[in-house]
1. Could you give every pair whose Cβ atoms fall below 6 Å, whose first residue belongs to the range 229-248 and is more than 19 Å from residue 146 (Cβ to Cβ), and whose second residue is among the hydrophobic types (A, V, I, L, M, F, W, C), counting only separations of at least 6 or pairs across chains?
2. Is there any pair linking a residue in the range 136-157 that is farther than 19 Å from residue 64 by Cα to one that is modelled with pLDDT of 90 or more and among the charged types (D, E, K, R), with Cβ under 8 Å and at least six apart or on different chains, and which?
3. Of these, 4, 104, which one is surrounded by fewer than 12 Cβ atoms within 10 Å (Cβ to Cβ) and at pLDDT below 70?
4. Regarding residue 33, is this residue out of contact with any Cys (no Cβ under 6 Å at 6 or more places or on another chain), aliphatic (A, V, I, L, M) and at pLDDT 90 or above?
5. Has the range 166-188 got at least one residue that is exposed (fewer than 13 other Cβ atoms within 10 Å of the Cβ), in contact (Cβ under 8 Å) with a residue 12 or more places away in the chain and within 35 Å of the chain's Cα centre (by Cα)?
6. Are any of the residues in the range 86-103 under 22 Å from residue 219 (Cβ atoms) and not in a helix (DSSP H, G or I)?
7. State which residue pairs qualify: first residue closer than 13 Å to residue 156 by Cβ and touching a residue at least 12 places away in the same chain (Cβ under 8 Å) and inside the range 72-87, second residue surrounded by 12 or more Cβ atoms within 10 Å (Cβ to Cβ) and among the small types (Gly, Ala, Ser) in any location, beta carbons under 7 Å apart, and separation of 6 or more residues or different chains.
8. Are there any pairs, at least 6 apart or on different chains, whose C-beta atoms fall under 7 Å, with the first in the range 198-219 and under 17 Å from residue 176 (Cα atoms) and basic (Lys, Arg) and the second modelled with pLDDT of 90 or more and part of a loop (DSSP other than H, G, I, E, B), and if so, which?
Amino acid sequence: MIKFFRKIRQNLLSEGKTGKPASRTGRYLKYAIGEVILVVIGILIALQINNWNEERKAKIFEKELYGRILVDLQIDENRINEHIVYYNKDQEILNNIYQETQRFSTNDSITEFSTIRAARIFDLILTVNYSHLTKDIKMPQILDNIDHYFREEQHVKDAFNMMAEFKEEHLKPYLAKHGINDAKELFNNHQLSYYELREKNVFSYSKLKEQYGTVELEQMLFDLGIRTSWAKTALEDLLKTNKNLQLDLTNVLKTNKPSN
């Protein structure tokens, strides 16, 4: 295309050297117009090439982004499963305590039941790492699924926060009020780190048994059971969304089509 206009320009110049003044003026005008058109076409072609390059770079970045998200989803999946195992254990402990209070079962002790005192730390990474990069995701299905994952993650965070708040405002004062916190056992294990210590059974089982049959304990178990079930259900929903998103991203990366 550019060669074509260059040829026209050369012809006009050649004719302008031999023609009459009036005709030369017209030819020079045509030549000037041709020059403008040539410049405009050059600019348009340059812009188009630049757009192609930018689009190519965006596709490459999008594909790399999907790969990073997939890796972090796998990390999150492991953490979600760890949380589910923890709350399964808490549900079992709460059930065992309740069964014993109702004399449906008898235990010499309920091992490690002090774990119900601890509040879990919600530490997933997908929202933190990628909530600001959704503008770079062009596939509607992937974008919708990631937005759904962010919402599910927020549900889990809400459940964890409610659990932590309840334990801080209600459970811990209840344990202190009835002397269920065992200071002797705590200081026998004072050399342990906080994370080790919170998994250690530092409750007085005999003091807990003194509360069996009381309305206060039953209501405490009820509230803990509801919140534990809520947290576990939210985690299971998030796990399902996590796996579905992993599958979608894996399929996209296999087909090598990061965007429409």
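1. 230/159; 231/159; 231/163
2. Close Cβ pairs satisfying both conditions: 152/237; 155/237.
3. Among 4, 104, only 4 is surrounded by fewer than 12 Cβ atoms within 10 Å (Cβ to Cβ) and at pLDDT below 70.
4. Details: out of contact with any Cys (no Cβ under 6 Å at 6 or more places or on another chain): yes; aliphatic (A, V, I, L, M): yes; at pLDDT 90 or above: no.
Spelling it out, it is not the case that residue 33 is out of contact with any Cys (no Cβ under 6 Å at 6 or more places or on another chain), aliphatic (A, V, I, L, M) and at pLDDT 90 or above.
5. Yes, that holds for at least one residue.
6. Yes: the range 86-103 contains one or more residues that are under 22 Å from residue 219 (Cβ atoms) and not in a helix (DSSP H, G or I).
7. Here the result reads 87/231, each pair linking the range 72-87 to a residue that is surrounded by 12 or more Cβ atoms within 10 Å (Cβ to Cβ) and among the small types (Gly, Ala, Ser).
8. 207/178; 207/179; 207/180
The values are calculated or read from the model by the stated rules, or taken from the named source; none is laboratory data. Predicted model, so just to flag it, every value in this text is computed and none were measured. Reconstructed Cβ throughout: ideal geometry from the backbone, glycine too, with neighbour counts over all protein chains shown.
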